[in-house]
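Everything on this sheet refers to the single structure shown next.
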Amino acid sequence: MEGLVTQIQGLSGTASDVLSLQNLLKQADDSLHAESTRLPPFLDQLDPSKHSLGYLYFLEACTAGPVTQEQASSFVLTIARFISSCVAEQIRLAPDKFISVCKRFKDQVLLLEEPLRGVAPMLTAIRKLQLSSEHLTALHPEFLLLCLLSKCYKTALSILDEDIFEVDQPRDLFLYCYYGGMISIGQKQFRKALELLHNVVTAPMSTVNAIAVEAFKKYILVSLIHHGQFPTNLPKYASSGAQRNLKTLCQPYVELASSYSNGKIADLETYVEANKDKFESDNNLGLVKQAVSSMYKRNIQRLTQTYLTLSLQDIANRVQLNSPKEAEMHVLQMIKDGEIYATINQKDGMVRFLEDPEQYKTCEMIERIGSSIQRLMTVSKKLNVMDELMSCDPLYLAKAGRERQRFDFDDFDNVPPRYNI
Amino acid sequence: MDGEDISNPLMEMCANGIAGVDDAPSSSTSTTERKNRPIISGEQLDIEAYAGLYSGRTKIKRLIFIAHHRDNTAMQLEALRMAYDELKKGENTQLFREVVQKIDDRLGPNYSMDAAWCAMVDRKADQRKDKLESELNAYRTNLIKESIRMGYNDFGDFYYAHGALGDAFKSYVRTRDYCTTSKHIIQMCLSAILVSIEMGQFTHVTSYVSKAEQTPEALDPITSAKLRCAAGLAHLEAKKYKLAARKFLEVGPELGNSYGEVIAPQDVATYGVLCALASFDRTELKNKVIDNINFRNFLELVPEVRELINDFYSSHYASCLEYLGNLKSNLMLDIHIHDHVETLYDQIRSKALIQYTHPFVSVDMRMMADAFKTSVAGLEKELESLITDNQIQARIDSHNKILYARHADQRNATFQRVLQTGNEFDWDVRTMLLRANLLKHEYNLRASRKI
């Protein structure tokens, strides 16, 4: 053991040393695991900021076995300190170990029932493990889970705002998007939630998994809240398994959506009452209630298209509310949220609907358009780059070459029919 | 009776007065005068005059229809009596039995079931059928095309007279193989069309009309007018009102009363005008209906309809809608148009509303409600549905009851669309890249597993 410690201390200087150290550590891994109970004192001899790789191996071996409550809190401290001070390049050499350490960290934090303690360290861990901001690691979903449980949604938003393009494991993506969707719903950013849930539902999957089913349920509800309608068919690029099975698995929600599209609030409410238990067991009852109240909003919005002024009594009648007072409350809320433009004249009990005052003439608008254009150009360039990479990819060429028909002996292509790497 | 030239209806109009029809069906006046009187008008339908316009099977069907739909017992019995008389002249025992059942002994001993007559007719029919069959077989063995064709034709006529419409149709269609000249083809087509209209199978009508119109010889005007009527009826049944209107408006005045087995010229005018009002825009209305010299002859037969369309064009909507309302009860008794009356009326009313609001920036809804003879609340509802359907570009000021025209600001709308399209593109591309990545990953996984 001590020999290993000295080697770690010696070989943690340069990059080539670290590589050789890694080989040594790999060979010593089993012995480390065998003596996991004896390891904690050795950790004190190592400095996490300089000997990150070695420290990581030791730490991983320490935490491998079952952990008691008392040990848990001390481990939590150790790991947190390690994460904040470790060197990114070294731990990237052993990503699996790092990930398993962080996962155990999360488990222990949950065991202690203090998810808040884990949020900041996990965020640092993600940043250190990521190769680029577009890279999704296995830690992303864990981080989001901690944020959800500790209800600090704002920190999660900073991670969610980044676009993800590279994924290691599809399962990570599903969990990430699902938790991300839930956080966005919590923050009432329904557009972002819709995006994330859409990614889960339409991701390529050979068989439908439970995450997709749950995500689909929420997707229906958020789509009703945000757009006021739910497209009955998934887009064509969704996997065939999803297209066939998701609707049958989420039957009450699909029926809710069709009842919503009929436009009668009373029917919708009776349906919700009747199926309350199902919604509650999925923890979706709050979202369902939001969907129902969004229907009032949609009806009022439709009124702005046909009327210039309307009395509160009329609004109450047309939208099937109970009294003009309720109508006033709804309209007031919508004006505050910026969903409609109107003025309420309380003396006459009249509401006057105004046009959208945005004239698209201000500097801010020009800047916004300019930045949109820039963003789109970057995305478009990225698409081209990916297309080029793909067409040079040997695996793709092999498959394309295999499936090419040979019509004529003279028809000599550059890609031979069987292309063995 | 002899079909007097209908080119002097105006004289008759002046003589009888434009307003209406004598209520008492005076049978002493000649049938020609009756044909020229305004039959389809706001007044109660004069059944005898109405029936006088038609001949053959359609007359009986129409009378039965009227009896079925009219609640007024006197009119019912009148119609059934006339049907009975007409049937006695023919050979259709099945319809006869039906009518007798409907009469139900209410008209006295003269109009009860005449079993002897039925039996005699049936016997004669069997004899005739056997005779026709033997003749046809003889012709078939002789292989003389013309006589085979005539044989099948006779069969068709025979079946038609006895009410076996399906067999009649089949027989007429069989003559097709033996037609040698275009005249034969046209005759076959016309017979087939007649039977199809009676059967209610209007898809056949359309196909045979196009077949007849494709003959290399030029058609004489009466035949082409008949074909256009038939085509118009087919389109009407298919609810293609614009096409139906066009067909009816192209019917030449030579039609006269020659197509009485199917349709009367008054019907051509009424159907044409109603469909045109419901589906044409203003320019088409002016060119094809009001300035149409040929069609004017038909319009003179139904002066209320003529007034109707002139009022609509000159924006006197109240009187136009009044005429429409008056005509409705009689139109509901017509076998071809009765189930389209509601739709056509709704469309005409919407068109009137849209046309009324079109030239103005703001419209006082109280005045508009007066013009359309409705309440302000009802008018508001109608306008709301039209605005929601995007047929009127306006907004309602419910407080002051004014309708304001509203034209969408193109510039703002464009900016909004641009930003939205940008966002959608962005989202689509990002999700696509993500999915591509997932697919690549999955494929790599599978490939690596194979290796």
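The values are calculated or read from the model by the stated rules, or taken from the named source; none is laboratory data. None of the values given here were measured: they were computed from a predicted structure. In this analysis, Cβ positions are derived from the backbone assuming ideal geometry, glycine residues included, and neighbour counts consider all displayed protein chains.
Count of the range B:70-79 residues, restricted to those that are in a helix (DSSP H, G or I) and either among the hydroxyl-bearing types (Ser, Thr, Tyr) or surrounded by fewer than 15 Cβ atoms within 10 Å (Cβ to Cβ) (or both), is 2.
Identify all residues within the range B:87-131 that are of a type in the set (D, E, K, R), part of a helix (DSSP H, G or I) and within 21 Å of B:His69 (Cα to Cα); write none if there are none. Residues satisfying the conditions are B:Arg97, B:Glu98, B:Lys102.
The residue of the range B:370-393 that is surrounded by the most Cβ atoms within 10 Å (Cβ to Cβ), among those that are assigned to a helix (DSSP H, G or I) and over 31 Å from the mean Cα position of the chain (by Cα), is B:Glu380. When the range B:244-259 is filtered for residues that are surrounded by fewer than 24 Cβ atoms within 10 Å (Cβ to Cβ) and either closer than 19 Å to B:Asn330 by Cβ or of a type in the set (D, E, K, R) (or both), the ones remaining, listed by number, are B:Arg246, B:Glu250, B:Glu254.
Within the range A:198-241, if we keep just the residues that are buried (at least 20 other Cβ atoms within 10 Å of the Cβ) and of a type in the set (Ser, Thr, Tyr), the residue that is nearest to the other protein chains (Cβ to nearest Cβ) turns out to be A:Thr202.
Checking the structure you have, find out if any residue of the range A:91-99 is in contact (Cβ under 8 Å) with a residue 24 or more places away in the chain, of a type in the set (Phe, Trp, Tyr) and either within 14 Å of chain B (Cβ to nearest Cβ) or in contact with a Pro (Cβ under 8 Å, 6 or more places away or on another chain) (or both).
No, the conditions are met nowhere in the range A:91-99.
Scanning the range B:403-417 for residues that are of a type in the set (S, T, N, Q) and more than 7 Å from every other protein chain (Cβ to nearest Cβ), we see that the one that is surrounded by the most Cβ atoms within 10 Å (Cβ to Cβ) is B:Gln416. Entry remark, the range A:293-332: residues being over 18 Å from A:Gly228 (Cα atoms), touching a residue at least 12 places away in the same chain (Cβ under 8 Å), at the interface with chain B (Cβ under 10 Å from one of its Cβ atoms) and not β-branched (Val, Ile, Thr) number 4 in total. Close Cβ contacts (under 8 Å, 6 or more residues apart or on different chains) running from residues in the range B:438-451 that are within 14 Å of A:Asp168 (Cα to Cα) and within 10 Å of chain A (Cβ to nearest Cβ) to residues that are assigned to a helix (DSSP H, G or I) and at pLDDT 70 or above comprise B:Leu438/A:Pro170; B:Leu438/A:Leu173; B:Lys440/A:Met390; B:His441/A:Pro170; B:Glu442/A:Pro170; B:Tyr443/A:Leu395; B:Asn444/A:Leu395.
Checked against the criteria, B:Val173 does not count as out of contact with any Lys or Arg (no Cβ under 7 Å at 6 or more places or on another chain), closer than 15 Å to B:Asn92 by Cα and β-branched (Val, Ile, Thr). Among the residues making up the range A:57-78, those that are over 13 Å from A:Ser36 (Cα atoms) and assigned to a helix (DSSP H, G or I) are A:Gln69, A:Glu70, A:Gln71, A:Ala72, A:Ser73, A:Ser74, A:Phe75, A:Val76, A:Leu77, A:Thr78.
Checking B:Asn400 against (1) more than 8 Å from every other protein chain (Cβ to nearest Cβ); (2) modelled with pLDDT of 85 or more, only one condition comes out false. Which one? Status for B:Asn400: all satisfied but (1).
Residues checked against (1) within 21 Å of A:Thr309 (Cβ to Cβ); (2) modelled with pLDDT of 85 or more:
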residue: A:Thr343; (1), (2): yes, yes
residue: A:Pro357; (1), (2): yes, no
residue: A:Leu395; (1), (2): no, no
residue: A:Lys399; (1), (2): no, no
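Quick one: in the range A:333-361, which of the residues that are over 33 Å from the mean Cα position of the chain (by Cα) and of a type in the set (A, V, I, L, M) is nearest to the other protein chains (Cβ to nearest Cβ)? Only one residue fits best here, namely A:Met350. Condition check: within 28 Å of B:Lys288 (Cβ to Cβ), assigned to a loop (DSSP other than H, G, I, E, B) and of a type outside the set (Val, Ile, Thr). Does B:His336 satisfy that? Yes. Taking the numbered list (1) in contact with a strand residue (DSSP E or B) (Cβ under 9 Å, 6 or more places away or on another chain); (2) part of a helix (DSSP H, G or I); (3) more than 8 Å from chain A (Cβ to nearest Cβ); (4) surrounded by fewer than 18 Cβ atoms within 10 Å (Cβ to Cβ) in turn, B:Gln420 passes all entries but (1). Screening A:Gln333 with (1) at pLDDT 85 or above; (2) closer than 30 Å to B:Met432 by Cα gives one miss only, at (2).
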